[in-house]
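Below: the structure, in structure tokens.
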Amino acid sequence: MRSLYKGVIGFGLVSIPIQVYKAMDDEKVEIHWLHKVCGSRIQYRKYCPTCHVEVESGEIVRGAPVPDGRYVVLEDQDIVQSSTDHNVTIMSFHLLDAIDPVYFRQAYWLKPLPGGHKAYRLLADTMQNTHLVALAELTLRSKPSLAVVRTFHSSTLMMHTLYFPESLREEGKNFGDVSVQISDKERDMAVMLVKQMQEPFVPERYPNEAKRELLERIQALMPQAITPEETHTTREVMSLMEQLRASVSQTAQRV
């Protein structure tokens, strides 16, 4: 398991050195578009449909769309530069039930580094005993984020990044405000049904069957796997700029 970065949890005057690991695997099975004729992966070019040319990186600028269809062109200095430090600053403590699950985004394991084991365990034990979670702020992948730090199985700390409140689309809040008449008998029957279906939540009971079936199908088709044809362009005529772009892309994927 590869670490995203090393950082520090700021807990009052206590600093806990940690290492951050992504906690959840992507549920998608990686599938690419291929050229049926030769088996090569399809490339997606940076192409301008107005000028009918492939655009070089130096000719690309960033633009924010406005309602009338135009774009406001932004230079680097126009975009707020986020902090690059890896501090997880705890701001307050709350009951977990007080934070609506709609805001939860991505989960990460927090591993204590040498010198931080005692403070790490102290924070975990304290939150476990008080039944509280910590609300924190941090910079992740150069973007500011809110997060919840909580205990997992009593002694391990886990961090969940959160959507900011303004990310919630307001128009959905009133979808349930429809005037209907529900009788007492209907309410009683619904409560009875819910109670009959109530049971402890065991995550292992709900595996991703669709992913499993797709992987089994891929495994069964392995003997028919195709090898893409190699071209002289790929092997011999690849320009320095293309090599640099490929290197930058690979580096960005590892970050």
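Data table
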read-out: Matching residues, the range 1-32, being modelled with pLDDT of 85 or more and of a type in the set (Phe, Trp, Tyr); value: 21
read-out: Flag if residue 30 is open to solvent by 70 Å² or more (accessible area, probe 1.4 Å) and farther than 30 Å from residue 221 by Cα; value: no
read-out: Hey, residue 37 in a loop (DSSP other than H, G, I, E, B), of a type in the set (A, V, I, L, M, F, W, C) and surrounded by fewer than 10 Cβ atoms within 10 Å (Cβ to Cβ) or not; value: yes
read-out: Leading residue by the ranking (nearest to the chain's Cα centre (by Cα)) among those in the range 136-175 that are in a loop (DSSP other than H, G, I, E, B) and modelled with pLDDT of 85 or more; value: 163
read-out: Per-region count, the range 144-185, residues closer than 30 Å to residue 90 by Cα and exposed (fewer than 12 other Cβ atoms within 10 Å of the Cβ); value: 10
read-out: Some residue of the range 131-138 being in contact (Cβ under 8 Å) with a residue 40 or more places away in the chain and either acidic (Asp, Glu) or open to solvent by 60 Å² or more (accessible area, probe 1.4 Å) (or both); value: yes
read-out: The range 226-235: number of residues that are open to solvent by 70 Å² or more (accessible area, probe 1.4 Å) and at pLDDT 65 or above; value: 4
read-out: Looking only at the range 87-103, and only at residues there that are open to solvent by 50 Å² or more (accessible area, probe 1.4 Å) and in contact with a Phe, Trp or Tyr (Cβ under 8 Å, 6 or more places away or on another chain), the one that is farthest from residue 166 (Cα to Cα); value: 102
read-out: Long-range neighbours under 9 Å by Cβ, at least six apart or interchain, first residue closer than 30 Å to residue 153 by Cβ within the range 185-211, second hydrophobic (A, V, I, L, M, F, W, C) and surrounded by 10 or more Cβ atoms within 10 Å (Cβ to Cβ); value: 211/29
read-out: Residue 83 being open to solvent by less than 100 Å² (accessible area, probe 1.4 Å), of a type in the set (Ser, Thr, Tyr), modelled with pLDDT of 85 or more and under 16 Å from residue 136 (Cβ atoms); value: no
read-out: Per-region count, the range 195-204, residues open to solvent by less than 100 Å² (accessible area, probe 1.4 Å) and over 30 Å from residue 23 (Cα atoms); value: 0
read-out: So residue 127, is it aliphatic (A, V, I, L, M), at pLDDT 90 or above, open to solvent by less than 100 Å² (accessible area, probe 1.4 Å) and assigned to a strand (DSSP E or B); value: no
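The values are calculated or read from the model by the stated rules, or taken from the named source; none is laboratory data. Quantities reported herein were computed from a predicted structural model and do not represent experimental measurements. Here Cβ is always computed from backbone atoms with ideal geometry, including for glycine, and neighbour counts include all displayed protein chains. Heavy atoms of the whole protein, side chains included, go into the accessibility calculation; ligands, DNA and RNA do not. Shrake-Rupley method; radii C 1.70, N 1.55, O 1.52, S 1.80 Å.
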